[in-house]
Amino acid sequence: VMLKNIQGMKHLAAHLWKHSEALEALETSIKGSRRLEHFCRDFELQKVCYLPLNTFLLRPLHRLMHYKHVLERLCKHHPPNHADFRDCRAALAEITEMVAQLHGTMIKMENFQKLHELKKDLIGIDNLVIPGREFIRLGSLSKLSGKGLQQRMFFLFNDVLLYTSRGLTASNQFKVHGQLPLYGMTIEESEEEWGVPHCLTLRGQRQSIIVAASSRSEMEKWMEDIQMAIDLAEKSNGPTPELLASSPPDNKSPDEATAADQESEDDLSASRTSLERQAPHRGNTMVHVCWHRSTSVSMVDFSIAVENQLSGNLLRKFKNSNGWQKLWVVFTNFCLFFYKSHQDSHPLASLPLLGYSLTIPSESENIHKDYVFKLHFKSHVYYFRAESEYTFERWMEVIRSATSSASRAHILSHKESHLY
């Protein structure tokens, strides 16, 4: 069945090549039509649209990768003398060829989609999406200033590093405070000098800033990606034009975050909260999750996340409750979405996993059940129970790709195949 369908799909490949045209046409049309812009925004406000709208347009391409992974697992599962073995191998060869052909298109489209998604999260900038600009990493760092350490959200592209503060506006966007062109920039570790752990000094041609990461591993990720971006900028044809600011950049640091800004984990995402309670829309985007968890995420992470999607039944238990609740769970975009059943049109709640740790419960936790894994972040603890050893292994595998216990080696091996 898989082989026949995949052979049939090859005739549709021409349409998949045109996917990027459709994505670009949608964004161009939204820009040119107030009515279409409102229509799309209203749809994104509905609970059924649990991810940015343009993400869904990439799903048919992502589906091909999922078929490839399913067939790889199936080929490992069947012995060579199995009746289906040859068909599985043939189907895998066909789909692998299609995925290879679409690989370049996919990377371009994911970058295009991400730039448009970030544009909605930022204010104070007009021309974020320009030909040749590539998104590399976003995340929370503390900036050292006369007032001490202040949390800022940083956005690294292949030509510029932006830093922003989280606004207390109704739209919950991030306001651009400064931009450091990467051409001619140098980066160095500077913990000794300032007495603050995990510190970096970024020296631009006109401005230098000192930032502190939340951990050693976060600092190393930023150093590696910024250095790579500086090297790319040096190889390109000199400095890129300044980003146009829609309002003059505000170089004055705002006062420390007010109480309203210190959102609790429960406000952000805890799974007891229904999505309806997340009043400021877009409060659950990756940018906000990184802000609250003091972490960062790269384009390579996003590409890996696309490959690690899974849905199925899980039993969930909170730290202080006795009973287990059966839910249909969808894991996508570094996030668990919870549904009452697989037939529901929209999730009841969600749990973004960046910064969470994935472990097996210890004896002292008195979870006397098989196939249980535990997710915890600070005081937030959730237990999940799978239905079989196989599903338990699969959930562990995909969730590990999104939590703080994700292996760096896995991500580094992917860097080779994702050309910035």
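The values are calculated or read from the model by the stated rules, or taken from the named source; none is laboratory data. On a predicted model such as this, the values are computed, not experimentally measured, just so you know. Because the Cβ atoms are built from the backbone with ideal geometry, glycine has one as well, and the counts that use them run over all protein chains shown. Side chains included, ligands, DNA and RNA excluded: accessible areas come from the protein's heavy atoms. Shrake-Rupley method; radii C 1.70, N 1.55, O 1.52, S 1.80 Å.
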1.4 Å probe accessible area per residue over region 79-226, in Å²: 42 Å²
Distance (nanometres) between label positions extended 7 Å along Cα→Cβ at His103 and Glu397: 2.0 nm
Cα→Cβ-extended label distance, 7 Å offset, between Lys119 and Ser208, nm: 3.6 nm
Theoretical FRET efficiency, 1/(1+(r/R0)^6), r = Cβ-Cβ of Ser345 and Arg86, R0 30 Å, to 0.05: 0.15
Probe 1.4 Å, accessible area per residue of region 309-410, Å²: 49 Å²
Separation in nanometres of the label points that stand 7 Å from Cα toward Cβ, at Ser321 and Ala22: 3.9 nm
Inverse of mean 1/r across different Cα pairs in region 135-236, Kirkwood, Å: 13.9 Å
Residues of region 185-210 with amide N under 13 Å of the 7 Å Cα→Cβ point at Glu234: 185-188
Sequence-distant residues sharing a close amide H with Leu336 (under 5 Å, placed H): Leu351, Leu353
Rg and Dmax of region 309-410, Cα atoms only, in Å: 13.0, 39
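On the accessible surface of region 1-123, probed at 1.4 Å, how many percent belong to carbon and sulfur atoms?
Answer for region 1-123: carbon and sulfur cover 59 percent of the accessible area.
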Whole-percent carbon and sulfur share, accessible surface of region 309-410, 1.4 Å: 47 percent
5 angstrom amide H check on Leu310, placed H, neighbours 5+ away: Phe331
More than 25 Å apart - percent of Cα-Cα pairs taken over region 1-129: 41 percent
Exposure of His19 as accessible area (Å², to 10), given a probe of 1.4 Å and all protein chains: 40 Å²
Protection-proxy order for peptides 71-84, 325-338, each taking the mean of Cβ atoms within 10 Å per residue, highest first: 325-338, 71-84
Extension gain (nm, one decimal) between Glu72 and Ser379, 0.36 nm per residue minus Cα-Cα: 106.7 nm
Within region 327-402, GluC sites (Glu not before Pro) in DSSP loop having at most 16 other beta-carbon neighbours inside 10 Å: Glu387
Highest average packing first - 213-226, 194-207, Cβ atoms within 10 Å: 213-226, 194-207
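Given a cut-off of 27 Å, name the pairs among Lys143/Lys221; Lys317/Lys378; Lys68/Lys319 whose C-alpha atoms lie farther apart than that in the structure shown.
Lys68/Lys319
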